[in-house]
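The values are calculated or read from the model by the stated rules, or taken from the named source; none is laboratory data. In this text the structure is predicted, and so the values were computed from the model without any measurement. Backbone-built Cβ (ideal geometry, glycine too); neighbour counts: all protein chains shown.
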Amino acid sequence: MARRPTDCFTCAELSAFVDTALSAAEQEQVAGHLVGCRTCAVEVASMRELRTLLRGSSSPVSAPGALPDRLRAIAGPGADEPLWARPFDRPAESAGYAALPSSRRSHLHRRVITTTCLFTLLAGVVLVGWVAAPANRQVVVDPTVDARTGFATALAQMPLANVAVGAVAADPSVPQQAGPASAGGPSAEEVALSELGSDCLRFLQEAQAATADLAVNGVQTVEHRDGTGWRSGTVEVANLPGFGTALDLGGSAGFTPSTEQPLLELASFGSYELGCTANAGRVAGRSASVVEATSESGTTTRWWLDSETGYPLWTDRFTDGQLVSRAGFSSVAIGKAIEISDAASPTQDLGEAGEVPSLGELPLLTVSGDGDGTIESVYGDGMITLLVSQQVGTLVPGDSMAFDAERGVHQAVDGAVTVYAWQSGDQVWTVVTDGSTELADEVSGALPHEEPTEANVVDRVVSGLVWIGARFGIR
């Protein structure tokens, strides 16, 4: 009963004080408190008065006349049976004794009913959530197919892009032969450059205008180097100004529509040092000028442009100064220019775009999505293109992909592009780039690599309830 002197006592404690049921110390504590607490003193006086009245009452009290009938009604059909007065030693069922009334039995009965109702309600909620749950996670079989197609589409929107390279990147089944790099193209050796800067940019601007205005037919050789050496394929190309480019990839036909809004302007090449030389060699029997883009790691891209029209005839790509792919005409016929209405202005000029998100030091160009939840992000600087795709599903890698345990990805490196795919949580991530394997590693390392998740009963029920709540505007 330890308390502060100013704390009042409860009615139970004051009643025990009146009945002298407290210990001597507690009795003194209450008595001392009553001296200074009028509220408790009044309460004690009332209790003592009531106690005196109860003790002084000597008149007999008779039970109401209706009480026996009420008690019999409460007892029910067993009212006339004798009661067994030993509750912990139950009589035999044949003894003819009635059980004593038990509030415990009625409480237990109510608990059983309440528990049953709760379990029934819970089962109903689980059933509704299970039925309302969306369809199970879709299976994503070889996501590289769609990712390659998306990459080819993005590549075609880059300035001075070679659609034949994009077509081979999108379809690795295009017939290809093993062997050394073609001797039919221009020399891949270092070229002496006589001009720098703005004059070289002018060459590229003329080339971009030529690809939009000139009708061109020819045969291109697309070569790239993979882990086993050089591989090459042949693509027949017909450029139709204002419409696009028709392709024949060794038996399968394709068409890449012309792009009215390139993802980048040529001014975006400003992060590279440009060098050039007019009439530096010959490609497919035509005189060609050369333009090189150089970064800190060395030459990145070399274009051979028709000296007469500016049309791109051949492109060499380098990684860390090493030649990794070549593509260009082995034979070509260039027609007259066709006037095309002015195209809409390009969507991005990285020289003026300010701060934009980037991945692998490549700026973000576009983000798109479709109905099945796939999101594709395209990054690039005009020299290197990167596509990152994510979609909810379960990854089933294609036969052409090998699992790399160190990187934690399924990969397909066919030289034209590098493709990584992996499962992260409930999502499938895919990376496609025509850059180096190191770039693919850097990008993959910057993206989520969570443990794969398997949907269970709880997940399905919860998703169903969330779906129902969303239909009623509950988030």
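Here are some notes:
- Test for Ala344: is it assigned to a loop (DSSP other than H, G, I, E, B), surrounded by 12 or more Cβ atoms within 10 Å (Cβ to Cβ) and at pLDDT below 90: no
- Residue in region 396-407 that is part of a strand (DSSP E or B), closer than 18 Å to Thr453 by Cα and under 14 Å from the mean Cα position of the chain (by Cα) present: no
- Among the residues of region 437-451, the ones that are closer than 14 Å to His410 by Cα, of a type in the set (D, E, K, R) and surrounded by fewer than 16 Cβ atoms within 10 Å (Cβ to Cβ) come to 0 in all.
Every residue, every condition in (1) of a type in the set (Ser, Thr, Tyr); (2) modelled with pLDDT of 85 or more, yes or no:
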position: Gly382; (1), (2): no, no
position: Val392; (1), (2): no, no
position: Gly415; (1), (2): no, no
position: Thr418; (1), (2): yes, yes
position: Asp426; (1), (2): no, no
position: Thr430; (1), (2): yes, yes
position: Leu439; (1), (2): no, yes
position: Ser444; (1), (2): yes, yes
position: Val457; (1), (2): no, no
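- Region 371-380: number of residues that are more than 13 Å from the chain's Cα centre (by Cα) and at pLDDT 85 or above: 3
- Residue in region 213-232 that is in contact (Cβ under 8 Å) with a residue 60 or more places away in the chain, assigned to a helix (DSSP H, G or I) and either closer than 25 Å to Val419 by Cα or more than 41 Å from the chain's Cα centre (by Cα) (or both) present: yes
- When residues of region 287-319 are limited to those that are of a type in the set (D, E, K, R) and surrounded by fewer than 17 Cβ atoms within 10 Å (Cβ to Cβ), the one nearest to the chain's Cα centre (by Cα): Glu296
- Which listed residue, of Asp434, Asp404, Asp381, is surrounded by fewer than 20 Cβ atoms within 10 Å (Cβ to Cβ) and not hydroxyl-bearing (Ser, Thr, Tyr): Asp404
- Some residue of region 47-66 being modelled with pLDDT of 80 or more and of a type in the set (Gly, Ala, Ser): no
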